[in-house]
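S.K.: Please see the structure below; I have some questions.
The values are calculated or read from the model by the stated rules, or taken from the named source; none is laboratory data. Everything quoted here is computed from the prediction, not taken from an experiment. Because the Cβ atoms are built from the backbone with ideal geometry, glycine has one as well, and the counts that use them run over all protein chains shown. Quick note on the areas: whole protein, heavy atoms, side chains included, nothing else; ligands and nucleic acids left out. Shrake-Rupley method; radii C 1.70, N 1.55, O 1.52, S 1.80 Å.
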Amino acid sequence: AERLYGYGTTEPLCNCFSSQKPLACSQGAEHAQSVASYAAFARYILALLSNSVAGSYADVHGRRGIQILGLFFLSVSPIVFLLIQINHSINPTWFFVAESLSSVIHFLSIGFTQLSDVVASKHRAAAYGLFFGAVMGGIALAPFLAAVLSHIHIAIFSSCVRISALVIAIVWLPETLPLEKRIEAAEVRKCQLDEPASRKRAKCIAELGEVMLRPFREMSILLRSSRLMLLATAAFLSKMVFSGDIILFFFYVENNLGVNDRDVAWMMFVTGVLGLLIQAGLLKYLISLLGERGLLLVSFCCGTVHNLIYGFAPVKSVLYLGLCLSQLTNTNNPLLSSLASKCVASTEQGRIQGALFSLTSLAEAMGPLCFNFIYRNIHLAGPGTMFVFGAFLYSCGLVAVSLTSSKKNESQVAEFDDEQEHLLP
């Protein structure tokens with residue numbers, strides 16, 4: 001607000017969480033909302049082009065190196081943020097550039113793949129949930145750090161935490177993919193690429209096409225069966241809404257429901273703790289009770305309901321109900337990854353997770369832009385129309401999940417391995 005609209009030079013610091021704020025702060029908040037949408041679009045388009053290739057690379061060359069590289073990229077953005085806090089002459093755009101690097105190799109995608117290597121297929125969803133629950137635990141702690149630390153201290157803390165994660169991975173993270181599996185995956189890839197049509201092309205044209213089309217070729221694994229296509233559709237729709245919600249929710253409630261900094265801290269704490277409990281503690285019991293497909297249907301129902309609550313909430317206290325339901329909605333992340341992993345062979349676990357994360361990256365790029373456009377231009381259901389649109393997308397995802405087969409042969413993974421062996425020379 002100070003830089004763009006001239007506020008803050010002679011008046012107190014602009015607090016955009018306050019219920020009474022100058023016009024400049026409102027303008028700054030709307031500008032930040034738009035910038036956040038465009039930055040997310042650029043970040044996730046980059047992820048679309050890179051994650052499927054990274055996953056396929058991990059199948060052939062191992063998980064450890066690619067995960068370490070991903071953690072290195074993840075550690076760059078807090079360092080850049082720290083430099084911006086120290087030297088105010090640095091353009092903040094560099095932070096968004098550095099943040100985009102974290103999407104080149106998504107640590108969740110490679111992490112899910114590593115778990116696929118060491119966890120039996122029937123326990124993968126619970127293992128994925130435990131991993132995702134650790135992320136929710138970090139979200140629960142974040143508001144309290146913001147309350148007691150200054151901006152520069154937060155930047156220092158974030159840099160130390162991410163660098164520590166990188167060091168831990170370099171020193172202690174093991175390679176989860178056996179050498180024989182890497183050799184097998186390399187042979188499978190070679191058989192898939194050695195097609196007569198490709199030999200007829202000129203070498204330079206073939207190489208150029210290979211570079212440009214490889215991300216999409218790797219993603220073609222999602223078209224292998226109707227079940228995978230339905231799961232991919234559901235993942236795309238859910239991530240589109242998730243991204244729109246997580247980026248624009250607090251902008252919306254601050255400007256329309258009088259949410260202040262204390263409310264934001266408590267909302268993040270409640271969602272973080274509840275998410276940790278569900279993902280790390282309750283998920284495996286819910287799966288044993290409802291099955292993976294049944295719980296996935298419930299999660300999409302909750303997604304529809306919690307977005308309707310966001311859109312029509314008359315007061316901020318009602319938002320807590322929607323936020324609690326949203327954590328049950330978030331169980332669809334490990335469930336979709338687990339169900340997709342069971343549709344391919346062990347030599348393609350990295351490829352399927354990378355393809356799924358690439359597809360959902362496109363959804364995460366589109367979500368904030370679509371929600372922001374609706375917020376600014378379409379008000380059929382009031383200012384919360386964008387969340388009603390999100391509820392509609394979740395209901396479409398619910399239909400896609402309901403069309404997947406309710407019966408899943410537990411030996412299908414072994415059957416895929418047998419089929420892959422026939423491809424080997």
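S.K.: So how far apart, in nm, are the two label points at ILE152 and LEU223 if each is 7 Å from Cα heading toward Cβ?
M.R.: For the pair ILE152/LEU223, the computed spacing is 5.4 nm.
S.K.: Sticking with this structure for a sec: Quick one: if you stick a label point 7 Å off each Cα along the C-beta vector at SER402 and HIS123, how many nm between them?
M.R.: If labels sit at SER402 and HIS123, their model points lie 3.5 nm apart.
S.K.: Students often get this wrong: which residues of the range 357-397 have the backbone nitrogen under 13 Å from the point 7 angstrom along Cα-to-C-beta of ASN256?
M.R.: Only 371-391 pass the distance filter.
S.K.: Check which residues have an amide H placed less than 5 Å from ARG63's amide H, if you skip close sequence neighbours.
M.R.: Sorted by chain and number, the residues that satisfy this are THR176, LEU177.
S.K.: I'd like to compare 123-135, 150-162: which one has the highest average count of other Cβ atoms within 10 Å, and what's the full order after that? Walk me through the intermediate numbers first.
M.R.: Working: 123-135: 20.9, 150-162: 15.5.
Top of the packing list down: 123-135, 150-162.
S.K.: Same structure again: At R0 = 35 Å, how high is the FRET efficiency between GLU175 and LEU321 if r is their beta carbon distance? Nearest 0.05 is fine.
M.R.: 0.20
S.K.: Could you tell me the distance between the Cα centroids of the range 83-115 and the range 343-372, to the nearest Å?
M.R.: Their Cα centres are 18 Å away from one another.
S.K.: Show me, for the range 369-386, the HN-Hα J-couplings you get by feeding each phi into the Karplus relation (A = 6.51, B = -1.76, C = 1.60, θ = phi - 60°), rounded to Hz, glycine and proline as x.
M.R.: 5, 5, 5, 5, 4, 5, 4, 7, 10, 10, 9, 5, 10, x, x, x, 4, 4
S.K.: Once fully extended, how much extra length lies between LEU289 and VAL167, figured as 0.36 nm per residue of separation less the alpha-carbon to alpha-carbon distance? Numbers along the way, then the final one.
M.R.: Numbers: separation 122, 0.36 × 122 = 43.92 nm, distance 3.95 nm.
That pair, LEU289 and VAL167, stretches by 40.0 nm at full extension.
S.K.: How many percent of the accessible area of the range 54-172 is carbon or sulfur, using a 1.4 Å probe?
M.R.: For the range 54-172, the apolar C and S fraction of the accessible surface comes to 75 percent.
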